[in-house]
Each structure stands twice: as structure tokens, then as C-alpha cells.
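Q: I'd like to ask some things about the structure below.
Just so you know, all these numbers are worked out from the coordinates, no wet-lab data involved. Remember, it's a predicted structure, so these values are computed and weren't measured experimentally. All Cβ positions, glycine included, derive from the backbone under ideal geometry; neighbour counts span all protein chains shown.
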Amino acid sequence: MTRILIVDDHMIIRRGLRQILSENPAIGDIAEAEDGPSALRSLRTTPIDVVLLDIALGERDGLDVLKTVHAEFPRLGVVMLSVYPENQFALRAIRSGAHAYLNKGCSPDILYAAIAKVASGGLYVTPAVAELLAHDVRGDAGSEKPPHEALSNREFQVLQLLAQGCSVTRIAQQLTLSANTISTYRTRIFDKLGLRNPADLFAYAARHGLTN
């Protein structure tokens with residue numbers, strides 16, 4: 001039976017996933033963690049086959065946690081869960097060591113299939129992610145990658161929230177960071193992307209499909 005660790009900072013989400021997983025006879029023990037440090041503590045002390053990892057974990061985002069988990073447990077299967085569309089984070093997640101990227105709105109059957117595939121050492125790829133991987137491998141005939149590909153994972157996350165119209169204060173609250181820290185990220189993003197004002201940011205995000 002597959003042993004699962006659910007990593008999400010929202011208790012309601014963890015309990016919902018636990019309920020869904022408990023209905024599958026192939027799923028064994030289910031552990032929970034609310035953040036990266038507690039997830040790593042669990043992995044170091046409890047046998048786990050597959051981690052279900054939220055991409056947004058506040059103070060330390062899921063992609064950073066993923067990199068740490070992959071470095072310390074390179075053979076461990078990780079399914080990244082997100083509310084964001086595949087074109088925004090899927091490739092970053094897979095490059096960082098994830099074995100699957102699923103939207104939280106997926107059906108239980110898709111979740112079960114991904115867990116089974118990942119538990120056996122495979123990579124579970126949805127049609128949307130497969131298309132992104134094909135474009136990435138092909139390199140789109142050698143075309144130059146857009147500037148946002150050079151952003152760090154946290155910078156990209158802040159960019160995505162700014163593009164949704166979130167204020168610096170709201171982003172700080174959502175990511176459990178200070179407003180000064182978010183302002184610093186915002187400045188870096190504008191510099192790296194060559195943006196002058198919010199209108200430029202919204203136009204850039206729309207042009208590259210970075211808005212929900």
C-alpha cells in the first residue's frame with residue numbers, strides 16, 4: 001500500500017485530501033505537514049512513498065521545499081498540487097524534481113492515477129503538461145526564452161500575484177512575508193523584465209499568459 005505525506009498549510013485542504021485518499025484501498029498510511037520544516041521532519045522519521053506538495057506554502061514556497069526534498073530524498077515521488085494553470089508553474093516544478101503537476105481541481109481518479117504512477121517510479125504527465133514539455137524540449141525552433149524564465153521561483157510567484165492585481169500588502173500577507181520583502185521582489189521583477197509601471201506588468205503578463 002502507498003504511504004502518503006500531504007503538505008499543505010491549510011488544514012481544510014489537508015483533511016479534504018485525506019478523505020479522498022482514504023476511499024482508495026491502494027492508499028495506506030497518510031501523514032500531514034503544514035509547512036516545509038515539518039514535512040522534512042516527517043520524511044526523516046516516517047516511511048513515505050509519495051508526497052503531495054502544495055505549491056504555495058507561505059514563508060517557504062513549495063518549489064523551494066521541493067528542491068530540498070529532491071536533494072535529500074532523490075528517489076522519493078512528489079506530486080505537486082496547485083491552483084495555478086500548468087503553463088505558469090508545471091515546467092518549473094518538474095525541473096525542480098516533481099514527478100507530477102496537478103491542478104487542485106482535478107478529479108480523484110486523476111489524483112489516484114498520478115499517485116500510482118509516481119509511486120512506481122514514473123512521471124505522470126497530463127496532456128497540458130505533455131504539450132509544455134514538448135515545446136520545451138523542441139525549444140520552439142531555437143527561439144529565445146522570455147525574460148520571466150530567468151526569475152527565481154519566489155520572484156515568479158510574486159509576479160503572478162502582481163499580475164492578478166494583488167497589492168504588496170496582500171501578497172505579503174498571503175506569503176507570510178514582510179511588505180518590504182515583497183517590495184524588494186517587485187523591484188527585482190521590474191528590473192529583470194524591463195518594466196516601468198504596473199501597466200507594463202499587466203501587459204507583459206497578458207502577453208505571456210501569466211494571468212488566470
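Q: Sequence neighbours fewer than 8 away in the same chain don't count; with that in mind, list the lysines whose C-alpha is under 22 Å from residue 145.
A: Those lysines meeting the cut-off are 192.
Q: Using the crude model of +1 on Lys and Arg Cβ and -1 on Asp and Glu Cβ, and no other charge, please compute the dipole size for the chain relative to its Cα centre, in debye to 20. Walk me through the intermediate numbers first.
A: On the way: 22 positive and 23 negative charges, 52 e Å.
Computed charge dipole of the chain: roughly 260 debye.
Q: Now for a separate question. Against the longest principal axis of the chain, how steep is helix 127-138, in degrees 0 to 90 to the nearest 10, with axes from Cα atoms?
A: 60 degrees
Q: Among the GluC sites (Glu not before Pro) within the range 1-39, which fall in a DSSP loop and have no more than 14 other Cβ atoms within 10 Å of their own Cβ?
A: 23
Q: Also, quick follow-up: Mind listing which trypsin sites (Lys or Arg not before Pro) in the range 1-76 are in a DSSP loop and have 11 or fewer other Cβ atoms within 10 Å?
A: 75
Q: Taking all pairs of different Cα atoms in the chain, averaging 1/r and flipping that mean, what Kirkwood radius in angstroms comes out?
A: 18.0 Å
Q: Could you point to the residue in 20, 30, 202 farthest towards the positive end of the chain's charge dipole, with +1 and -1 charges on the Cβ of Lys/Arg and Asp/Glu respectively?
A: Sorting the options by dipole projection puts first 202.
Q: For residue 11, what charge total do you get from the other residues with a beta carbon under 9 Å from its beta carbon, if Lys and Arg give +1 and Asp and Glu give -1?
A: Residues near residue 11 contribute -2 overall.
Q: Let me ask something else about it. Tell me, what does the Kirkwood hydrodynamic radius of the range 10-59 come to in angstroms if you use every pair of distinct C-alpha atoms?
A: 11.8 Å
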